[in-house]
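The values are calculated or read from the model by the stated rules, or taken from the named source; none is laboratory data. Since we're looking at a predicted model, the values are computed, not measured. Cβ: placed from backbone, ideal geometry, glycine included. Neighbour counts: every protein chain shown. Accessible surface areas use protein heavy atoms only, side chains included; no ligands, DNA or RNA. Shrake-Rupley method; radii C 1.70, N 1.55, O 1.52, S 1.80 Å.
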Amino acid sequence: MINRVTGMFFSGTGTTEKIVTAAAETIYGKIAGRFCDCSLETVNFTPKSARSKTYTFTENDVVVFGTPVIAGRVPNVLLKFLNTIEGNGSLAVPVVLYGNRNFDDALIELRNILEDRGFHTVAAAAFIGEHSFSKILAAGRPDDNDMTVCRDFAKAAADKILSIDSSGIIPAAITVEGQDPIRDYYKPRDRKGNFINILKVKPKLDESKCDGCGICVDACPMGSISPEAPGIVDGICIKCCGCEKKCPKGALYFDDAGYLYHKEELELGYPEPKEPSLFL
């Protein structure tokens, strides 16, 4: 008997949250028709404080689990946290969001992590979200069409989950695109083939625009912006760009030459809209 559906996600700019929430709500809507005592919950582990908690599920749980794609992989800063979650035989739907380049091995990596943590992955998907670096690349996505695809996918996943519940037969891990062993992180290059290292790049602050509202402080998933110095990134920056995109004054910006080159190359190199990849 399924008694809980959980949408669980990391989402710097809100795109992963949008897809995971819609999928979890849709799955819950179908499952609650059979199991009246089923509940719907949300776990947002974007804030640093949320990743200090322990999350445990049971065989009566269904979890829609989402992360963004960074450099073709599950963000490495999440790996320690992900390896603390206990699945205990629950059913899971791994979902990744990427910025129209490619999701590479992120989905298969997330699937493997969940399987290793005791989840049974029964469906999976890769959706497209506006690229964290850009307001042009996949602008506005996930859009209305993406959300329709998401809900249709979730309905099919719910049917599969109900079938599993009825039969009691747990299928093998869902087959998804990607390579295993997992490939190294994607590394941007210039047109001569030289690597562009943007690992230590951080946004800068235009103090003339900053009013000290603190939105960037709350937006930073690494807790790298102090309330005493809004806009100043003193700690790790994973370039989710939540601070930059959520700042109502446009006070945060990037001016690193390598970062801007890579951003432009992505915008020029991947203009054709990708479609979601679904695995059922």
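Before moving on, here are some points about what is shown:
- Alpha carbon centroid spacing (whole Å) that separates segment 85-158 from segment 213-280: 20 Å
- Axial C-alpha extent at least 20 Å, average Kyte-Doolittle at least -0.5 - helices from the chain (DSSP): 15-31, 144-167
- The largest-to-smallest principal axis extents of the Cα set in segment 149-250 are 62, 41, 24 Å.
- Dimensions in Å of the chain - Rg and Dmax from alpha carbons: 19.1, 63
- Whole-percent carbon and sulfur share, accessible surface of segment 131-245, 1.4 Å: 52 percent
- Sites residue 79 and residue 280 - FRET efficiency at Förster radius 22 Å, r taken between beta-carbons, to 0.05: 0.25
- Heavy-atom accessible surface of segment 1-88: percent carbon and sulfur, 1.4 Å: 47 percent
- The residues of segment 20-69 have, on average, 46 Å² of accessible surface per residue, using a 1.4 Å probe with all protein chains present.
- Among the listed pairs 192/245; 80/209; 18/239; 80/202; 30/135; 209/239, those whose Cα-Cα separation exceeds 29 Å are 192/245; 80/209; 30/135.
- Summed over qualifying helices (DSSP H, 4 residues or more, each -39500 (n - 2.57)) and divided by its residue number, the chain shows a 222 nm mean residue ellipticity of -8500 deg cm²/dmol.
- Computed 3J(HN,Hα) for segment 126-140, one whole-Hz value per residue from the Karplus formula 6.51 cos²θ - 1.76 cosθ + 1.60 where θ = phi - 60°, is 10, 10, 9, x, 3, 4, 4, 7, 10, 9, 10, 6, 6, 3, x, glycine and proline marked x.
- Taken per residue, the accessible surface of segment 184-280 reaches 60 Å², heavy atoms only and a 1.4 Å probe.
- Counting only DSSP beta bridges whose two residues both lie in segment 62-143, roughly 5 percent are antiparallel.
- R0 of 45 Å, Cβ-Cβ distance residue 209-residue 59: FRET efficiency to nearest 0.05: 0.30
- Free-standing Cys residues across the chain, given no other cysteine C-beta under 4.7 angstrom: 36, 38, 150, 210, 213, 220, 237, 240, 241, 247
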